[in-house]
1. Taking neighbour Cβ counts within 10 Å as the exposure measure, how do 113, 139 sort from fewest upward?
2. Once the Cα atoms of helix 52-61 and of the chain are each reduced to a long axis, what angle between those two axes, in degrees from 0 to 90 to the nearest 10, is obtained?
3. Counting residues in the range 1-64 as N, plug N into 2.2 N^0.38 Å and put the Cα Rg over that result.
4. Tell me the label-point distance for the pair residue 97, residue 29, using the 7 Å Cα-to-Cβ offset, in nm and rounded to one decimal.
5. Compute for the chain: radius of gyration divided by Kirkwood radius, i.e. Rg/Rh, restricted to C-alpha atoms, rounded to two decimals.
6. Using Cβ contacts closer than 10 Å as the measure, can you line up 66, 49, 121, 152 from fewest to most?
7. Of 65, 75, how do they rank once you tally other Cβ atoms within 10 Å and put the fewest first?
C-alpha cells in the first residue's frame with residue numbers, strides 16, 4: 001500500500017459547497033460515511049465508513065476500500081471473497097461529510113458478507129404495531145450468490 005497524505009482541511013462554506021478541491025469532513029472518529037450503490041441499477045449495496053487512508057486508496061486504485069470500525073483496520077472490499085468493487089464514480093455531498101460510490105462488483109456479484117447482492121436484503125413492513133409483537137422482517141434480497149461459510153469460515 002502506498003503512503004497517503006492527508007486531505008486539506010475543509011474551507012469555508014463556499015469552498016465546501018462550490019470549490020474544486022476534495023476536503024472531506026471526517027467525524028471525530030476520523031471517518032466519513034459512504035453509501036455504495038450498483039452503478040447500473042442504482043440499488044443500494046451497502047453503507048460503510050472510510051478514513052483518510054481508505055479514501056485515498058479508493059481514489060488511487062479505483063476499488064472500494066473502507067475502514068472497519070469493528071475490527072479497527074483497513075478493509076479492501078472483496079479481497080477475501082473475490083467480489084471486488086470496481087469504482088465507476090465517487091461523489092461527495094454538498095458539505096463533503098458523506099460519500100457515494102457507484103460500483104460494479106466482480107466475482108459472484110455479491111457485496112454482503114452473507115452472500116447477498118446487497119447488505120439491504122430485508123424489508124421492514126410498515127404499519128406494524130406493538131400489539132403485533134416484535135417487528136417482523138421480510139426477506140426481499142433474492143438468493144445468496146455464495147456460501148459465506150465456504151468463503152470466510154465459521155466466524156465470519
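1. The fewest-first ordering by Cβ neighbours comes to 139, 113.
2. 90
3. 1.24
4. According to this spin-label approximation, the distance is 1.6 nm.
5. Value, to two decimals: 1.03.
6. 152, 121, 49, 66
7. 75, 65
Read-outs throughout are calculated quantities, based only on the coordinates presented, and are distinct from any laboratory measurement. Nothing here was measured: the structure is a model prediction, and the numbers come from that model. When we count neighbours, we look across all protein chains shown, and the Cβ atoms used for this are built from the backbone with ideal geometry, even at glycine.
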